[in-house]
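The numbers here are math on the coordinates, done by the rules we state, and not lab data. Model, not experiment: these values are computed from the prediction. Virtual Cβ from ideal backbone geometry, glycine too; neighbours counted across all protein chains shown.
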Amino acid sequence: NGITFKFHFLPGHTPGCSMIEVKGENLMFSGDFLFYRSIGRWDFPYSNAQNMKESLEKVLFYKEDFRLLPGHGEESTLQEEILHLPSWLRYFH
């Protein structure tokens, strides 16, 4: 009856930023990487804009949907937030 997790390594907001998938539960904790209609900041001392851009681009190709629980604010779904990622990617050069 154990719970299995899968870590999706998505650096940018912080060097070790990850989203955590709860296997078999259709649930993902997005921490400070993805929020309802927003993304994590990349202007902190250990943040990296290029890594954040690459991580966001990687998530664009996720096909599975999950109930998304961010570190702050209201929940969403992964596929709903993927729809908004192209507008955020315009901030990166």
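Within region 2-28, the set of residues being surrounded by 19 or more Cβ atoms within 10 Å (Cβ to Cβ) and over 18 Å from Lys53 (Cα atoms) comprises Glu21, Met28.
Restricting attention to region 15-49, the residues being touching a Phe, Trp or Tyr at 6+ places or on another chain (Cβ under 6 Å) and of a type in the set (S, T, N, Q) number 2.
Inside region 59-74, can you point out the residues that are buried (at least 16 other Cβ atoms within 10 Å of the Cβ) and not in a loop (DSSP other than H, G, I, E, B)? Within region 59-74, Val59, Leu68, Leu69, Pro70 meet the criteria.
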